[in-house]
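Bear in mind these aren't lab numbers, they're just calculated from the coordinates by the rules spelled out. Just so we're clear, the structure is a prediction, and the values are computed from it rather than from any experiment. Note: ideal-geometry Cβ built from the backbone for every residue, glycine included; neighbour counts use all protein chains shown.
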Amino acid sequence: MMLAVIPAYNEATRIGEVIAALIAQGLPVLVVDDGSLDGTAGVSRESGAHVLRQINGGKGSAILAGCAWAVGRGYLKVLLLDGDGQHDPREAQGLVRASRRAGLVIGKRVRGLHRQPNHRRFFNRMSSLLVTAIAGKRIIDSQSGYRVCDPRLILSLPMRGRRYDLESEMCILAARAGVRVTEVPITVIYNDKRSGVHPLYDTLRFVRALVVAFINCRSRLRRMPSAPPSAQSRPERLPELALSIPA
């Protein structure tokens, strides 16, 4: 069972089209409204999505809340994507297919890469190199928010990030826990939306996330059960881990 989870903040003008495109593919949708000040929640409901509202806590917090909601309703996988139109919902099926063979699927932005601003491309490359070094697994686009994963796995990993840093932690800790991580090509899309990434604060959070993930890799992950060989090809049989959001 697959649930599309959209963490959203002030996306009332864009999110309706994203939801409609996902529902047209037969995917149920949950929008986690992260304290929006516009009509995001109302537009989402009118477009056919379930809505979970919370006080603004950051994208990572919304992802964790969405995963907990999914687990509570029996969903075995979640499709994570942004609600601002920068992820093409039509490419969801490629990630879904890849999830049959991997526990974490990441959409790597390679189609139309020339559209990506130079500074964003440089940051993504550098951050992915650092994530790769700590994860012990080559990850080309660690910052991509277009993903498919088992929500039980996400809730069991000792992640501390609550904003954009959680996505990097997810890559590192999943790889170090023995989960198969794979990437599939997606299209680079940029619209008139201003990036929510703060160049200073989110860079500091990213660095902190790498340090924390490195420490957790060397300590807490050692006490986590290793994924059996079958889990690498059948993600629905991931190791039985604690289903609680890290404090």
Which whole number in µm²/s is D for segment 1-143 by Stokes-Einstein, with the Kirkwood Rh taken over Cα pairs at 10 °C and 1.306 mPa s?
-> 99 µm²/s
Listed with the fewest Cβ neighbours within 10 Å leading, Thr187, Thr13 appear as Thr13, Thr187
Roughly what would the spin-label model give for Ala133 and Arg101, points 7 Å off Cα along C-beta, in nm?
-> 3.0 nm
Taking the Cα centre of segment 1-142 as origin, work out the dipole magnitude from +1 charges on Lys and Arg Cβ and -1 charges on Asp and Glu Cβ, in debye rounded to 20.
-> 840 debye
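Place the peptides 133-139, 14-20 in order of packing, highest mean first, counting for every residue the other Cβ atoms within 10 Å and averaging per peptide.
Put in order of decreasing packing, that is 14-20, 133-139.
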Over what distance in Å are the Cα centres of segment 14-42 and segment 166-187 separated?
-> 24 Å
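Assign unit charges at the C-beta atoms only (+1 for Lys and Arg, -1 for Asp and Glu), then state the dipole size of segment 71-111 relative to its Cα centre in Debye, rounded to the nearest 20. Write out the running numbers ahead of the final one.
Numbers: 9 positive and 4 negative charges, 61 e Å.
Approximately 300 debye in magnitude.
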Shape of segment 3-51, Cα gyration tensor, a/c cut at 1.5 = prolate
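Which length gain, in nm to one decimal place, applies between Arg125 and Gln93 when the Cα-Cα distance is subtracted from 0.36 nm times their residue separation? Numbers along the way, then the final one.
Values: separation 32, 0.36 × 32 = 11.52 nm, distance 2.57 nm.
Gain on extension, Arg125 to Gln93, equals 9.0 nm.
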